[in-house]
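All of the numbers you see were taken from the coordinates with simple rules; none came from a lab. Treat the numbers as computed from the prediction; the structure is a model and nothing was measured. Methodologically, a virtual Cβ is constructed for each residue, glycine included, from the backbone with ideal geometry; neighbour enumeration extends over all protein chains shown.
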Amino acid sequence: MKRPEGFDERPEPTAPDEGAPAPRQRRAPRLPRRPVAPTPEDGLEARVDPAPPAAGPEAAGPEDEAAPSSRDRASALAGAAGRRLGAGLSSVAGRLREYAPDEDHPSDDRGGPRPRPDDATSGGSVHDDGRVTDVLETPIGTKVRAAETAREARIARRRRRLLERAEVRRFTRRSRHRRAAWITAAGIVVVLGASILVAVYSPLMALQTIEVKGTNRVDDVALRRALSGQIGTPLARLDFDEVKRDIAQFPLVESYVTEEAPPHTLVVTVTERTPVVAVQSGRTFDLVDPAGIVVQSAKDRPASMPLADIGSAKLGSPVFRTMSEVVLALPSSVRSQTKAVKASTADDVTLTLKDGSKVVWGSPDASDAKARLLAALVRDHETRDPGSVVEYDVSAPDNGVIRSAK
């Protein structure tokens, strides 16, 4: 193998000459082994064995001249060892925090192995016989080690509890969601049930005020008085059959609509009957609606209503209903000019206009088409001969006829 350049080559040892004298080797004096005295800063009591007695003058030899210098060197070495021991003991607390009792080969956080007790820098105790004892084996080290072990056990238990809790939550997620859904549904049902109970049975929703709207001929005070029997009843328990019977006492009311306005109001909107014809009754005239109900009575015949000649028929009969239907089908321009309506049967309706002209209507079938045809005939006659009296025949809506009056 070629050696890289730039390195100094060691000189090869040469064999000594056979005739040359051997070099004299000086042996270092052997120092007595004395225990190391710790300094007061180390926090330990000094333990120093008494020095051995000095030898007599007879034991002195030629090497006694070097003894003083040897003692000084020993003292210096002892001081250095004591300082090194103190530095090692000061780092015991930090080393104990890194100790892992459950590992066979403990190591610190940096990945390196923890120093052994036999290491010179481990902070162990040096005995007289040269043995080194680990500080962890002392009573103080045992207590520190027990405290660290208990702390690590607490941390491990806390971590285990957190992991168990997380696992329980993970495996019970679906059941918790299902339980939350059931609880929400049950809460909604309870709220609805409580609302229904409050609305049906609680006096908080009892009727206290009745409002009547749409009245003109109907006495609204009398109508509210008739409905006052419902006062104090919850809105959800109102008896509308009784309300119907109470309103039926007023014949001028054609229809009505009730509306609940929580928490204490009932609104009644009334549609009154509208008279369409006048029927003479003795010296008075009764204003009658299409159902044959007398809305009101008057001494004079209203100019805006035709006079119905029902003959022997009664109010509400088919003949009367046919006449009312024909009057309602007339255009407003022709109805205002209609003076009387007469019918002997339901298929023979005749109208009389204010200018004396007559209208042969016939049956109530196709009343809309007959009304449009009649309006066209009237306009045409007024254009050609407005002053003459004629007869309009619209009984056949496809063929209107204008005849001269007889």
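A few notes on this one:
- Residue-wise HN-Hα coupling along segment 367-380, computed from phi with Karplus coefficients 6.51, -1.76, 1.60 (Hz; x: Gly, Pro): 5, 5, 5, 5, 5, 5, 5, 5, 4, 5, 5, 5, 5, 5
- Gap separating the Cα centres of segment 370-384 and segment 297-343, nearest whole Å: 21
- Since only 265, 240, 215 are under comparison, the one whose Cα sits farthest along the positive direction of the charge dipole of segment 203-272, derived from C-beta charges on Lys, Arg, Asp and Glu, is 265.
- Hull-based mean projected area of segment 277-404, where the convex hull spans the alpha carbons, in square nanometres: 7.5
- With contacts taken as Cα pairs under 8 Å at a separation of at least 6 residues, segment 235-279 carries a relative contact order of 33 percent.
- Average 1/r across all pairs of distinct alpha carbons in segment 203-272, invert it, and you get the Kirkwood radius: 12.1 Å.
- Fewest-first ranking of 354, 299, 370, using other Cβ atoms within 10 Å as the exposure measure: 299, 354, 370
- Here residue 314 is the anchor, and the lysines within straight C-alpha reach of less than 19 Å, apart from those fewer than 8 places off in the same chain, are 342.
- Peptide packing: for 277-284, 342-349, 190-197, the average count of neighbouring Cβ atoms within 10 Å per residue gives the ranking 342-349, 277-284, 190-197, highest mean first.
- Three-way shape call for segment 123-278 based on the alpha-carbon gyration tensor, with the a/c threshold at 1.5: prolate
- Per-residue HN-Hα couplings for segment 381-396 [Karplus 6.51, -1.76, 1.60; θ = phi - 60°; Hz; x = Gly/Pro]: 5, 5, 6, 8, 8, x, x, 7, 9, 10, 10, 9, 10, 10, 4, 10
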